[in-house]
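Take a look at the structure set out below.
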Amino acid sequence: MLELKHICYTVQDADGSLDILKDVSLTIDDHKLVVFTGPNGGGKTTLAKIIMGLVTPTSGQILWNGQDITSLSITERAKLGISYGFQQPPRFKALTVRDLLTLASGDKKLSKDKCCQYLTKVGLCANDYLEREVDVSLSGGEVKRIEIASILARGSQLMIFDEPEAGIDLWSFARLTETFEQIHRQGDATMIIISHQERIISLADEVIVVGDGSIRHRGTADEILPKILTDTLGGCPVLSR
Ligand SMILES: Nc1ncnc2c1ncn2[C@@H]1O[C@H](COP(=O)(O)OP(=O)(O)O)[C@@H](O)[C@H]1O
Ligand SMILES: [Mg+2]
């Protein structure tokens, strides 16, 4: 179980301090698929990075399976079974896709067949990609899918995917949603997916709308989708204030 207790994140900018997350508390039960959605700049990525340990909250507590992990490093959290796929994944020169999947899986002799299975799940063919470097020669969508494949290879207990749909064509997107559905059905992992896609939102056990640094709504997809539509049809929030 993942528990966030009173998470605040404040940064100092030129105009003073800026509250990016404002007292966010939530609990996510094991094996659930939870979607974080909401307007750009609402705080979703920051929240995900705080869970992974990439960003340290100003205050608040994170508990994973009852253990306080607030002060643990990224590596320590990874060892406890947490993984995170960046909204914009980093690239690694001189590291091939095969190297990345091998490292992620922890199996030094990861077979081509296994690599192929992971890549197929994200709509890529091993023959075309295994020996390619994870560098700038790959498109944004390719790098994104390779990173998702590496998370699948890791087989973590808590997988966080930050806008997995970004830059991905419709065919690969369909394959990817099937993969999420399959992982969820197998019930081995808890998934947090940050997404704006109705297709992914509709897979969720729970949808959490993050806006302006707070949780705006939470509920099932059927409850939340109409609310999102109403929110997005509203006028400019600044002008109507
Ligand atoms: N280190 C930082 N310094 C200043 N502003 C930041 C910093 N990190 C995040 N922000 C701002 O916080 C807000 C939330 O960002 P983010 O979590 O990336 O939102 P989302 O993923 O929901 O689009 C954005 O306005 C972003 O520019
Ligand atoms: Mg984001």
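Taking the stretch 153-173 as the region of interest, how many residues are within 16 Å of ligand 2 (Cβ to nearest atom) and of a type in the set (Phe, Trp, Tyr)? Residues flagged as within 16 Å of ligand 2 (Cβ to nearest atom) and of a type in the set (Phe, Trp, Tyr) within the stretch 153-173 amount to 1. Cβ-Cβ distance below 8 Å, separation of 6 or more or different chains: which pairs start in the stretch 37-58 with a residue that is within 20 Å of Ser71 (Cα to Cα) and of a type in the set (S, T, N, Q) and end on one that is more than 9 Å from ligand 1 (Cβ to nearest atom) and at pLDDT 95 or above? Every condition considered, the pairs that remain are Thr56/Ile50; Thr58/Cys8; Thr58/Thr10. Restricting attention to the stretch 51-66, the residues being within 16 Å of ligand 2 (Cβ to nearest atom) and touching a Phe, Trp or Tyr at 6+ places or on another chain (Cβ under 6 Å) number 1.
Does Val122 count as out of contact with any Ser or Thr (no Cβ under 7 Å at 6 or more places or on another chain) and β-branched (Val, Ile, Thr)? So Val122 does not fit the description; no.
Touching a helix residue (DSSP H, G or I) at 6+ places or on another chain (Cβ under 9 Å), within 15 Å of Pro90 (Cα to Cα) and assigned to a helix (DSSP H, G or I) - does that describe any residue in the stretch 127-139? The answer is no; no qualifying residue exists.
Taking the condition of being touching a residue at least 40 places away in the same chain (Cβ under 8 Å), part of a loop (DSSP other than H, G, I, E, B) and surrounded by fewer than 17 Cβ atoms within 10 Å (Cβ to Cβ), how many residues in the stretch 89-108 meet it? Selection size over the stretch 89-108: 2. Annotation: Ala48 fulfils all but one of (1) farther than 30 Å from Pro226 by Cβ; (2) in contact with a strand residue (DSSP E or B) (Cβ under 6 Å, 6 or more places away or on another chain); (3) within 16 Å of ligand 2 (Cβ to nearest atom); the unmet one is (1). The single residue among Thr56, Thr46, Thr75 that is part of a helix (DSSP H, G or I), farther than 23 Å from Leu176 by Cα, within 12 Å of ligand 1 (Cβ to nearest atom) and out of contact with any Lys or Arg (no Cβ under 9 Å at 6 or more places or on another chain) turns out to be Thr46.
The values are calculated or read from the model by the stated rules, or taken from the named source; none is laboratory data. Nothing here was measured: the structure is a model prediction, and the numbers come from that model. With ideal geometry, Cβ positions are generated from the backbone for all residues, glycine too; neighbour counts draw on all protein chains shown.
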